[in-house]
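See structure below.
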Amino acid sequence: MVRVKSRYLLCEVNVSDQRQRLLIDERAIGFAVRNAVACAHGDYGAALCGIGFSVKYVNAHTGIVFLRCPKSSYRLIWSALTFITSIKKQGARVPCFISCLHVGGTIRTCQKFLVRYNTRQLHRMLPKCKNQEEIHQVRQAILSCSSHLLKGKEEGSGEEEE
């Protein structure tokens, strides 16, 4: 039996109003990506997007999205992400854009990248803190990210998550 190779795109949904981000869910993201691929690449792209494409994870609070697609067509989907300007949900249009942060072979590699990315973002936030309470909160967040990364290295299981 032949194993189907997939690629996972770790994306971030950027919106101007953070409250509108809560309207975004898996179906809305999937529909927007499929429409963008169909518009950018025509029937060929729509057919490739229909085979093996799925939205694996959406965090509406942080705007993080995991997309799974076949290895042979991930570049088509990746290139079509730039054409998404809004996402429709329940009759409302949420103006946004989607940026791809990382492309990985497994969800686990994307998760590890996300932990490192969040840690770097928190280190950038540390000099901008105005008082000691904010500094303490940012340091706690950095330590929790670092401990999560170290815990993942210690476990070191070779299993892939889907």
Among the listed residues 67, 10, 76, identify the single one that is in contact with a His (Cβ under 8 Å, 6 or more places away or on another chain) and outside any helix (DSSP H, G or I). 10
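Residues are listed down the side, and each one gets a yes or a no for (1) under 18 Å from residue 58 (Cα atoms); (2) buried (at least 19 other Cβ atoms within 10 Å of the Cβ); (3) without any contact (Cβ under 8 Å) to a residue 40 or more places away in the chain:
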site	(1), (2), (3)
5	no, no, no
15	yes, no, no
19	yes, no, yes
26	yes, no, yes
29	yes, yes, no
32	yes, yes, no
37	no, yes, no
42	no, no, yes
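Just to be sure before I move on: is residue 92 exposed (fewer than 13 other Cβ atoms within 10 Å of the Cβ) and either of a type in the set (Val, Ile, Thr) or closer than 17 Å to residue 21 by Cβ (or both) in the structure I sent?
Numbers: exposed (fewer than 13 other Cβ atoms within 10 Å of the Cβ): yes; either of a type in the set (Val, Ile, Thr) or closer than 17 Å to residue 21 by Cβ (or both): yes.
The answer is yes for residue 92.
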Go through (1) within 21 Å of residue 95 (Cβ to Cβ); (2) out of contact with any helix residue (DSSP H, G or I) (no Cβ under 7 Å at 6 or more places or on another chain); (3) modelled with pLDDT under 90; (4) not acidic (Asp, Glu) one by one and return the number of the condition residue 63 breaks. (2)
Taking the residues in the stretch 48-84 that are surrounded by fewer than 15 Cβ atoms within 10 Å (Cβ to Cβ) and over 14 Å from residue 24 (Cβ atoms) as candidates, determine which candidate is nearest to the chain's Cα centre (by Cα). 54
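The values are calculated or read from the model by the stated rules, or taken from the named source; none is laboratory data. All values reported here derive from a predicted model rather than from experimental measurement. Ideal geometry is used to build each Cβ from the backbone, glycine not excepted, and the neighbour counts take in all protein chains shown.
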